[in-house]
Amino acid sequence: MTEVITPAAPVHRGPADLHYLNEHRGLRSWLTTVDHKRIGVMYLWSVLLAFLLGGIFAMLVRLELLTPKKTIIEADAYNQAFTLHGAIMIFLFIIPAIPAALGNFVLPLLLGAKDVAFPRLNLASYYVYVIGALFALGSMLTGGVDTGWTFYTPYSTTSNTSVSMMTMAAFILGFSSIFTGVNFIATIHKLRAPGMSWHTMPLFVWGTYATAVIQVLATPVLGITLLLLLMERVWEIGIFDPRLGGDPVLFQHFFWFYSHPAVYIMILPGMAIISEVVPTFSKKTIFGYKAIAYSSVAIAFVSFLVWGHHMFTSGQSDLATAVFSFLTFLVAIPSAIKVFNWLATMYRGSLDLKAPMLYAIMFLLLFAIGGLTGIFLGTISVDVHLHDTYFVVAHFHYVMMGGTVIAFLAGLHYWWPKMFGRMYSESWARVAAALIFIGFNMTFIPQFIMGSRGMPRRYYNYLDQFQPLHGFSTFGSWVLGLGLLIVAGYLLGSLRKRCDAPGSPWGGMTLEWTTSSPPITHNFETTPVLTHGPYDYSLPGRRA
Amino acid sequence: MSETAAQPGRRAHEPFLQHHFAEPEQQVEAGKIGMWLFLVTEVLLFGGLFVAFGIMQTRHPEAFASAHHHLDRIMGGLNTIVLLSSSFTMVMAVAAAAANKRKQLIVFLVLTLVFAGVFLVVKYFEYSHKFHDGLLPGKYYSFQGESVPGEFMFFSFYFMMTGLHGIHVLAGMGAIGWVLRRAIRGDFSNRYYAPVDLVGLYWHLVDLIWIYLFPLLYLIQ
């Protein structure tokens, strides 16, 4: 019954006639599907739509900041624009982007499984996501939000914008994230292909596992925090309101107890993609498999112990500040372990600079900058100067955009042929990648400089001396936006072609490449049995 | 969901085996992992409230001590016994399912539902008493008798914690009702009773949360 995949003769199937996209047709078949691949695809279009919307707000913010005082919108509209940019990008795009969209599609394939452990829960998570998104949309249409995506009290309890509805949106989206996390943990424990041990799982699975653990452990705390905020607004329960004997900094503690681990919900799946792309396009066994695998778990663990570094200047005790600063530095160790292992994998490999690999290399460069500037901010004495400046904005965009979004693009280009069975234009992909790299750095390097000179974040107006740098940053955002539009153009364009992607366009050795592109509804003709590790490119006949 | 096309012979004996699982044990174990993870999220959800309660109690010890005297220990104690009994009947229901005793299973599930209902009725009387006295959360607090400033915050927590717990009791009753319907339909046997088991786990957690809420709100000075 079972098919043995021999290393010497990997299966390269051509386009399948009947696959998950065309076996069932019609809107109804999509809305009621429990196929992880279709749910992944629905998630993908949804998060891309959110990315577009969040991106439009980002462009608006940058355009407004082109000149001091008013450029095109008033101060109130500006406050709303940056809040909605942040809230949409975080809750509707980055958190679900890699796990729920790409992860949903590839995780069972990587494991050699037919589906995730709880297919109906998976569909439920998508519908909950949609409901959350509708609430967010409702909030925008009924007055918007101007608190910043962090909803800090006391402003968030007094602002008369539509904070309650946006809070509900984030609360609901949390459930969607929990459902995905629970599902993935159970899937990874119970649905690995025969022969696949914890140490022969692809590294993407390890990254997803660590992410899912954080999703399950941290998100409920966000849920209760947002519920308390909501109650504060509706009932005036008093716990965050100093007038009533409450404590606004308590909200910050609660919020960051979730939201700091949440940034690892965002970056760990990005790292997981890089761990797949680098060996495939270096044609070399991954260097330090266990180090990369366990560093994901280490990051997940440490992530819960560092939230206090968001409150260095909020009046928490000196002892707590010192301890949080030290713990924050610990994050650098597993992160650096990963980066060095990826570099060691590339060293003397036969590098194939296709689009996914270009993005992976871009990730290494940008994430290194993002990570190292995190050390600056974790240092107490430096942070007092840099706190709430553009330095922080630049730092997290280097990690979140330069890290996660670039990794998402790497994964999207890597698995696009598998998802839709079409190859995209490699030359356009290069042009777009170059524009994105240049545009991104043009946008955010000036922000590091402005931040270190004291330009505060979220300000509508600024001193004339910052205008050249703000202007340069805004020009950069146009280049970046153009690059992303080109990506959208050639990827969507590829869908108009006939299916032309081979089963394994990149010569990858993980299981998703052993089935056809796009895969059949049940993923594999027969249950695959693992006979080699995920990156055994050194086996005879595999060396390029 | 139950895709039987692939291996019709073997799968015909396992009507509830989902297509992506190779064998029933795998499905049961996956379900257990899922349920335990879900319980973890519940503990963390309530955990946030417990932490917030603890912090505010240390800030306003007099108000919290004074406010908790308004709670009725007899009613709280009664409800504790009721919920503990419901956990016992739930355990018996799972045991009955495992022993393939359909009638016993149905009886114990009904008993569990009855206890859950009694809990809510007692809670209803407690709530109406608080409403009557104006012992309400936040800005709705309007108690006329002697009180220490800040008692409204205790009642904010009281209503949030017992309210959230009450919602969980309702959800648990829904789940037990669903399992009961399937039990009456004859879905379960000693080969397949995972849903009873999993709903049981959830119900014990709902009970357990009350075991912590009762002393925290009613007993501790």
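Key figures
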{"read-out": "Long-range neighbours under 9 Å by Cβ, at least six apart or interchain, first residue free of Cβ contacts under 8 Å to residues at least 40 places away in the same chain within the range B:179-192, second of a type in the set (Val, Ile, Thr) and part of a helix (DSSP H, G or I)", "value": "B:Arg182/B:Val196"}
{"read-out": "Test: residue in the range B:143-152 that is among the hydroxyl-bearing types (Ser, Thr, Tyr) and either buried (at least 20 other Cβ atoms within 10 Å of the Cβ) or without any contact (Cβ under 8 Å) to a residue 12 or more places away in the chain (or both)", "value": "no"}
{"read-out": "Test: A:Leu121 is closer than 30 Å to B:Gln18 by Cβ and either crowded, with 21+ Cβ neighbours inside 10 Å or not aliphatic (A, V, I, L, M) (or both)", "value": "no"}
{"read-out": "Selected residue (criterion: surrounded by the fewest Cβ atoms within 10 Å (Cβ to Cβ)) from residues of the range A:16-73 that are among the charged types (D, E, K, R) and assigned to a helix (DSSP H, G or I)", "value": "A:Arg28"}
{"read-out": "Enumeration of residues in the range A:180-202 that are more than 9 Å from chain B (Cβ to nearest Cβ) and part of a helix (DSSP H, G or I)", "value": "A:Thr180, A:Phe184, A:Ile188"}
{"read-out": "Filtered residues of the range B:74-103 (kept if among the aromatic types (Phe, Trp, Tyr) and touching a residue at least 60 places away in the same chain (Cβ under 8 Å))", "value": "none"}
{"read-out": "Candidates B:Leu83, B:Leu37 - the one that is within 14 Å of another protein chain (Cβ to nearest Cβ) and either out of contact with any Lys or Arg (no Cβ under 8 Å at 6 or more places or on another chain) or not small (Gly, Ala, Ser) (or both)", "value": "B:Leu37"}
{"read-out": "Residue among A:Thr161, A:Thr219 that alone is among the β-branched types (Val, Ile, Thr), touching a Ser or Thr at 6+ places or on another chain (Cβ under 8 Å) and within 12 Å of chain B (Cβ to nearest Cβ)", "value": "A:Thr219"}
{"read-out": "Selection from the range A:222-253 of residues that are within 8 Å of chain B (Cβ to nearest Cβ), surrounded by fewer than 24 Cβ atoms within 10 Å (Cβ to Cβ) and either under 22 Å from the mean Cα position of the chain (by Cα) or not in a helix (DSSP H, G or I) (or both)", "value": "A:Gly223, A:Glu236, A:Gly245, A:Asp247"}
{"read-out": "Failed item in (1) part of a helix (DSSP H, G or I); (2) more than 28 Å from A:Ser197 (Cα to Cα); (3) in contact (Cβ under 8 Å) with a residue 40 or more places away in the chain; (4) touching a helix residue (DSSP H, G or I) at 6+ places or on another chain (Cβ under 9 Å), with A:Val323 passing the rest", "value": "(3)"}
{"read-out": "Meets criteria (in a helix (DSSP H, G or I) and either without any contact (Cβ under 8 Å) to a residue 24 or more places away in the chain or surrounded by fewer than 13 Cβ atoms within 10 Å (Cβ to Cβ) (or both)) for B:Gly200", "value": "no"}
{"read-out": "Boolean, A:Ser156 is crowded, with 24+ Cβ neighbours inside 10 Å and part of a helix (DSSP H, G or I)", "value": "yes"}
{"read-out": "Restricting the range A:493-521 to residues that are part of a helix (DSSP H, G or I) and hydroxyl-bearing (Ser, Thr, Tyr), the residue that is farthest from A:Val205 (Cα to Cα)", "value": "A:Ser494"}
{"read-out": "Some residue of the range A:479-490 being surrounded by 17 or more Cβ atoms within 10 Å (Cβ to Cβ) and touching a Pro at 6+ places or on another chain (Cβ under 9 Å)", "value": "no"}
{"read-out": "Within the range B:58-84, tally of residues that are closer than 16 Å to B:Tyr212 by Cα, in a helix (DSSP H, G or I) and not β-branched (Val, Ile, Thr)", "value": "9"}
{"read-out": "Checklist (1) within 14 Å of chain A (Cβ to nearest Cβ); (2) of a type in the set (D, E, K, R); (3) over 19 Å from B:Leu213 (Cβ atoms) applied to B:Glu151, failing item", "value": "(3)"}
{"read-out": "Residue within the range A:169-176 that is within 12 Å of another protein chain (Cβ to nearest Cβ), modelled with pLDDT of 95 or more, touching a helix residue (DSSP H, G or I) at 6+ places or on another chain (Cβ under 9 Å) and crowded, with 23+ Cβ neighbours inside 10 Å present", "value": "yes"}
{"read-out": "Top-ranked residue of the range B:18-32 - restricted to ones that are aliphatic (A, V, I, L, M) and surrounded by fewer than 20 Cβ atoms within 10 Å (Cβ to Cβ), ranked as modelled with the lowest pLDDT", "value": "B:Ala22"}
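The values are calculated or read from the model by the stated rules, or taken from the named source; none is laboratory data. Because the structure is predicted, anything quoted here is derived from the model rather than measured. FYI the Cβ positions are ideal-geometry reconstructions off the backbone, even for glycines, and counts take in every protein chain you see.
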